[in-house]
Amino acid sequence: MRQRLVAGNWKMFGNSARNQLLLEGVAGQAASIGQVSCAVCVPFPYLHQARSILAESGVGWGAQNVSQRTEGAFTGEVSVSMLADFGCRYVIVGHSERRSLFCEGDQLVAVKARAVLEQQMTPIVCIGESLDEREGGMTEAVVSRQLGAVIEEIGTAGLHKSVVAYEPVWAIGTGKTATPEQAQAVHAYLRNVVSEQDADVARDLTMLYGGSVKAANAAALFAMEDIDGGLIGGASLDLNEFMSICKAAVR
Ligand code: 13P
């Protein structure tokens, strides 16, 4: 069975006081949403706060990045076992901001996904094309290359325990959402790519759409056959918006 999931990606926003209000609000409201899993991926320093507020709520929490290394003299890095130590269920890997601003390539993203799986957490593997790539007719080639590198590393068995997030770079933080049809077309294509290797994994794979999802457009996106929920940036920082988006994922 495919899981329906809405995950917030707070990016580098928040402070203790604001987070407390947001997390308490999410914890209080999420229980009433049936069939949809909700989660928040917070900056590292707030994992403890997320855990203490969300622990009994059914809402998952996680991180936005992780080191590919297990431990050692890597100043500033955070390991998968540290994230597991804070009860993380999810770790975002390969977000386009990490790929473009911090030079993370397909191979590194794939190794990070494997490291996350090895700690029994769920990688949320982000893929997506830039505007130039879309306009150049490269969308399918780009997303299949990005996903292919991950499958090469973790196999379809690993993919079975992962979540894929399709986030067209041109739609992130721009207010310019992919239409439901545009997003569905890429999701269906990706599911087909996976299906060529393993039909069962393809059928069960949770695929999120991300990029300017708001309460106003979420239901139309989530109504699409191959879109199983969303990865939400800006709108996840607003309690009412985020809860409306979570509710929009109920089938
Ligand atoms: P926005 O929802 O702010 O466009 O960000 C999407 C995103 O990058 C989620 O990972």
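The values are calculated or read from the model by the stated rules, or taken from the named source; none is laboratory data. Treat the numbers as computed from the prediction; the structure is a model and nothing was measured. With ideal geometry, Cβ positions are generated from the backbone for all residues, glycine too; neighbour counts draw on all protein chains shown. These accessible areas exclude ligands, DNA and RNA; they are computed on the full protein's heavy atoms, side chains included. Shrake-Rupley method; radii C 1.70, N 1.55, O 1.52, S 1.80 Å.
Assorted remarks:
- Fraction of beta bridges assigned by DSSP in the chain that are antiparallel (%, nearest 5): 0 percent
- Charge tally for Arg251 (other residues, Cβ to Cβ under 14 Å; Lys, Arg +1; Asp, Glu -1): 0.
- Span from the the range 51-123 Cα centroid across to the the range 175-251 one, whole angstrom: 21 Å
- Proximal charge balance of Ile33 [Cβ under 13 Å; K/R count +1, D/E count -1]: +3
- Ranked by the mean number of other Cβ atoms within 10 Å of their residues, highest first, the peptides 125-137, 220-232 fall in the order 220-232, 125-137.
- Percent carbon-and-sulfur accessible area, the chain, ignoring ligands, DNA and RNA, probe 1.4 Å: 52 percent
- Burial ranking of peptide ranges 54-62, 6-14 (average Cβ count within 10 Å, highest at the top): 6-14, 54-62
- Environment charge at Leu205 (Cβ cut-off 15 Å; Lys +1, Arg +1, Asp -1, Glu -1): -2
- Across the range 1-45, Cα-Cα pairs more than 18 Å apart make up 34 percent of the total.
- Seen from a random direction on average, the alpha-carbon convex hull of the chain projects onto 12.2 square nanometres.
- Classified by the C-alpha gyration tensor, the range 18-141 has an oblate form. Its axis ratio a/c, with a ≥ b ≥ c, is 1.5 or above, and a/b does not exceed b/c.
- Whole-number accessible area per residue in Å² for the chain, which is evaluated in the context of all protein chains at 1.4 Å: 44 Å²
- Taking amide H as placed 1.01 Å from N in the peptide plane, Gly128 has its amide H under 5 Å from the amide H of Glu167, each at least 5 places away in sequence or on another chain.
- Highest average packing first - 191-201, 233-243, Cβ atoms within 10 Å: 233-243, 191-201
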